[in-house]
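Throughout, read-outs are computed from the coordinates displayed, never taken from laboratory work. Because the structure is predicted, anything quoted here is derived from the model rather than measured. Note that each Cβ is placed from the backbone with ideal geometry, even for glycine, and that neighbours are counted across all protein chains shown.
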Amino acid sequence: MADPDIPKMFDERFRRMWEFYLAGAELGFRHGGHMVFQIQLAKTRDAVPLTRDYLLSGSR
């Protein structure tokens, strides 16, 4: 944020979103509230298995 060229590179909306993200990240680090969520979307309920075990088979 201290770099004077940053405001020229991005529009006001992006800068506000980025500052909001950074403020949230700072709070998470200060208070230990970070969590990671993974969401898998599909058009029908049976399009993908209920568990994600099938993702592990390719990484072994």
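Under the Kirkwood approximation applied to all pairs of distinct alpha-carbon atoms, what is the hydrodynamic radius of segment 6-57 in Å?
Result for segment 6-57 stands at 14.8 Å.
Loop only per DSSP, at most 13 neighbouring Cβ atoms within 10 Å: give me the chymotrypsin sites (Phe, Trp or Tyr not before Pro) in the chain, ordered by residue number.
Passing sites in the chain are Phe10, Phe37.
Counting other Cβ atoms within 10 Å, keep those with at most 11, restrict to DSSP loop, and tell me which trypsin sites (Lys or Arg not before Pro) in segment 8-59 are left.
Answer in residue order: Lys43, Arg52.
Report the charge-dipole magnitude of the chain in Debye, nearest 20, computed about the Cα centre from +1 at each Lys and Arg Cβ and -1 at each Asp and Glu Cβ.
280 debye
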